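Single-structure report; data block below.
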Amino acid sequence: MMDIVHKMGEGLGLFNISFEDWPCQFRINKYHFTPGTIGSPGVQLHTDSSFLTILQDDEIIGGLEVMKRCGTFEAVDPCPGTLLVNLGDIATVWSNERFLNVKHRVMCKETGVRVSIASFLLGPNEALVEAPEELVDLEHPRLFVAFKYKEYRSLRVSNKLHSGEALHRLRIES
């Protein structure tokens, strides 16, 4: 996971970045889809609050959908032997919007047990989440105030802002 984020940083011209204080989290998701749940969400529309998610999705039962910019959904069909990489809210802030978070959901499309395994790179424990100075200039002014990751998670949860709306509250007005 750290190799991926370092390569992402290198793609932006950042070669000496550290993510040492950034914890990872591992989660197994299990859904029991029944005939009565077909057509309903297994997971509501949301963005990940983290920086990066690596997902081993169910290889048999689909349901993952990503929202396109136009607002329609695109199914992410199961593809055995692959991993899905998804960017979250912290990647958007850290990159000064050079990387964008992805709105997604899980829909029940067929009956059965659906399992996915997710690994997340969260935000830093102590340091502030902010774009590195190298990504801020006259053409790319700082877009978000600096904040603590734990406070951001609290903002999302306490205000039920699950689809990236919390970022709007942290945006610097120009």
Which order results if ASP89, ASP77 are arranged by neighbouring Cβ count within 10 Å, fewest first? ASP77, ASP89
Dipole check, the chain, charges on Cβ (K,R +1; D,E -1), about Cα centroid: among LEU87, LEU135, VAL115 the Cα furthest to the positive pole belongs to VAL115
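Compute the length gained on full extension between VAL113 and GLU134: take 0.36 nm times their separation in residues and subtract their Cα-Cα distance, giving the result in nm to one decimal.
So the extension gain works out to 3.0 nm.
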Expressed as cubic angstrom per residue, what is the convex hull volume of the alpha carbon set of the chain? 127
What size of dipole, in debye to the nearest 20, comes out for the stretch 19-170 about its Cα centre when the only charges are +1 on Lys and Arg C-beta atoms and -1 on Asp and Glu C-beta atoms? 680
Between SER40 and PHE15, the two model label points (7 Å from Cα along the beta-carbon direction) sit apart by a distance in nm of 5.5
By the scheme Lys and Arg +1, Asp and Glu -1, what is the net charge of all other residues having a beta-carbon under 11 Å from that of ILE38? 0
Give me the net charge of ASP58's neighbourhood, meaning all other residues with Cβ under 15 Å from the Cβ of ASP58; Lys, Arg count +1, Asp, Glu -1. 0
Are there any trypsin sites (Lys or Arg not before Pro) in the stretch 142-172 that are in a DSSP loop and have at most 13 other Cβ atoms within 10 Å? List them by number. LYS160
What order do you get for VAL43, VAL145, VAL106 when you list them from fewest to most C-beta neighbours inside 10 Å? VAL145, VAL43, VAL106
Exceeding the 26 Å Cα-Cα cut-off - candidates LYS109/LYS148; LYS103/LYS148; LYS30/LYS109: LYS109/LYS148
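Just want to confirm a number: the relative contact order over the chain, from Cα pairs under 8 angstrom separated by 6+ residues, in percent.
Relative contact order comes out at 29 percent.
Throughout, read-outs are computed from the coordinates displayed, never taken from laboratory work. Bear in mind that the values here come from a model prediction, so they are computed numbers and not experimental data. Every residue, glycine among them, receives a Cβ derived from its backbone with ideal geometry; neighbour counts consider all protein chains shown.
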